[in-house]
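Q: Here you go, one structure.
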Amino acid sequence: MIARIWHGRTRPEDYDAYTRFLEERAVPDYRSTPGFVRLSFLRRLTEEAGEFTLITWWESLEAIRAFAGDEIDRAKYYPEDSEFLLEFEERVSHWEPFVEG
């Protein structure tokens with residue numbers, strides 16, 4: 001199993017709207033990909049920004065490739081992200097779990 005981790009930031013006033021967008025658009029997209037296992041969207045609001053971290057779990061690198069394309073380390077964005085995100089991080093990171101509890 002492989003964990004894929006992404007991070008993004010919004011203006012504080014877009015925090016709730018971006019949360020809804022993720023729930024309605026992004027989560028169903030992840031869940032519809034063969035080899036997807038589960039996800040956790042983490043969020044926090046500070047005075048400066050809404051911060052989002054996404055951890056998705058996949059059966060294999062091939063499953064990630066089916067979702068993200070051949071460049072699996074490149075972040076995948078939706079057209080609507082341009083309405084919310086302050087920057088577009090180019091890369092995600094992939095991690096292998098060695099202990100789960």
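Q: List residues of region 1-16, by number, whose backbone nitrogen lies under 20 Å from a label position 7 Å along Cα→C-beta of Glu89.
A: Hits in region 1-16 for Glu89 at 20 Å: 2-16.
Q: Right, something else. Take every DSSP beta bridge whose two residues both sit in region 2-95, then give the antiparallel share in percent to the nearest 5.
A: So the antiparallel bridges amount to about 100 percent of the total.
Q: Also, quick follow-up: Using the crude model of +1 on Lys and Arg Cβ and -1 on Asp and Glu Cβ, and no other charge, please compute the dipole size for the chain relative to its Cα centre, in debye to 20.
A: 280
Only the coordinates and a few stated rules stand behind these numbers; no lab work does. All figures in this text were calculated on a predicted structure; none of them were measured in a lab. Cβ sites come from the backbone with ideal geometry, for glycine too, and all protein chains shown count toward neighbours.
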